[in-house]
Amino acid sequence: MNRIRLAAILLVMTITLPSFPALAKSIPSGMNCTEIKGLAPYLRSHRVVMFGEGHGTKEMPETFLRVVCSALSKGMSVAVGLEMPVDLSESLKAYMRSTGDQSARASLLQADFWKLGEDGRASLAMVEMIEGFRRLGQAGYPISIFAMQGSGRDWHINNDGKMAAKIRAEYSARPESLILTLTGNVHNMKVKPEWFPPELPAPIPTHITDLNPATFNLSSTGGSAWSCTETCGIHSVPVQANDNVFVVRESGLKDAYTGDISVGRTTASPPAVVANGP
């Protein structure tokens with residue numbers, strides 16, 4: 001084959017190859033995507049990394065969003081798992097595809113989960129975190145989102161086992177993705193501590209040990225959180241001295257977690273839905 005004919009063939013191949021639009025990869029304005037010191041090695045060496053929070057604060061969902069954004073900005077594909085009923089999955093995906101306008105947010109908040117939530121998972125901060133995920137997706141970053149908690153009348157039966165099953169399913173379905181999850185900080189303990197009440201179920205990581213999850217406790221230096229104890233509202237969080245904020249450090253609970261990350265002083269985040277409407 002002479003050079004002229006070969007050049008012609010290559011030109012035709014170049015012209016007929018499908019062209020894909022370039023995806024914008026600029027970080028959305030106002031978003032904190034800075035790396036948490038000491039966390040990157042775990043994001044590179046584990047495909048499942050779990051974060052546990054004390055519900056009802058502004059700072060803990062913000063920190064989880066920061067972790068997700070940092071991973072995406074380093075070229076990773078991320079699947080985000082949230083401690084929310086699985087029947088919210090479609091509304092979460094619909095919101096991710098939306099413009100995030102008032103109508104889209106109102107549609108997201110129609111579920112009973114948001115209207116009846118009493119433990120901080122239905123907070124305004126959680127909605128703003130999801131909005132951050134949407135903005136990252138719209139900016140072209142490879143992010144997906146899935147709900148993990150059981151649903152229906154018997155949602156609480158073997159709930160940690162159900163959430164583990166959802167993580168396992170995502171692990172298999174998205175072999176290219178790093179799976180980052182946010183739950184309450186009891187659900188993501190690596191082992192069931194001896195001091196656990198016997199009636200409490202084995203936490204999620206005990207069901208997926210073969211996936212080698214890394215787990216981190218998000219702690220604080222005090223502040224406030226919105227929760228329901230004897231009453232629903234703003235409650236104080238005990239003060240804990242810690243000069244190492246946003247740094248991975250050894251867990252004070254021995255092998256219950258891979259490590260601990262303090263978010264500093266927390267601020268209560270109220271429910272996203274108040275009274276009878278958003």
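The values are calculated or read from the model by the stated rules, or taken from the named source; none is laboratory data. In this text the structure is predicted, and so the values were computed from the model without any measurement. Note: ideal-geometry Cβ built from the backbone for every residue, glycine included; neighbour counts use all protein chains shown. All accessible areas refer to the heavy atoms of the entire protein, side chains included, with ligands and DNA or RNA removed. Shrake-Rupley method; radii C 1.70, N 1.55, O 1.52, S 1.80 Å.
Worth pointing out:
- Toward the positive end of the charge dipole of the stretch 122-278, with +1 on the Cβ of Lys and Arg and -1 on the Cβ of Asp and Glu, the farthest Cα among L218, V273, A139 is that of A139.
- Spin-label pair K37-A106: with each label point 7 Å from Cα along the Cα-Cβ axis, the two points sit 4.7 nm from one another.
- The value given for the stretch 190-262 is a Kirkwood hydrodynamic radius of 14.4 Å, derived from the mean inverse Cα-Cα separation.
- Percent of beta bridges antiparallel (DSSP, the chain, rounded to nearest 5): 30
- A 1.4 Å probe run over the chain, with the rest of the protein chains in place, finds 51 Å² accessible per residue.
- Charge dipole (debye, nearest 20) of the stretch 210-278; +1 at Cβ of Lys and Arg, -1 at Cβ of Asp and Glu: 200
- Counting DSSP beta bridges with both ends in the stretch 203-278, the antiparallel % (nearest 5): 60
- Listed pairs K115/K192; K166/K254; K37/K115; K93/K115; K166/K190; K37/K93 exceeding 29 Å between Cα atoms: K115/K192; K37/K115; K37/K93
- Counting only Cβ charges, +1 for Lys and Arg and -1 for Asp and Glu, the dipole size of the stretch 111-190 around its Cα centre is about 180 debye.
- Shape category assigned to the stretch 124-252 from the gyration tensor of Cα positions, a/c cut at 1.5: rounded
- Of (i) 84, 44, 39; (ii) 56, 55, 35; (iii) 52, 44, 34, the label for Cα extents along the principal axes in Å derived from the coordinates: (i)
- Each of C228, V48, N185 was scored by the projection of its Cα onto the charge dipole of the chain, and the greatest displacement toward the positive side belongs to V48; charges sit on the C-beta of Lys, Arg, Asp and Glu.
- Amide H contacts under 5 Å for I145, placed H, 5+ residues apart: V80
- Mean residue ellipticity at 222 nm, helices only, the chain: -9500 deg cm²/dmol; runs of at least 4 DSSP H residues each add -39,500 (n - 2.57), and the sum is divided by the number of residues.
- Of Y42, Y141, Y95, the one that fluctuates the most in a GNM where the chain has Cα springs shorter than 10 Å: Y42
- Low-density loop positions, chymotrypsin sites (Phe, Trp or Tyr not before Pro), the stretch 98-206 - DSSP coil, at most 14 other Cβ in 10 Å: W155, W195
- Working value for the stretch 50-174: equivalent-ellipsoid semi-axes of 21, 18, 15 Å, each the square root of 5 times a Cα gyration tensor eigenvalue, largest first.
- If only the Cβ of Lys and Arg carry +1 and only the Cβ of Asp and Glu carry -1, the dipole of the chain around its Cα centre is close to 1300 debye.
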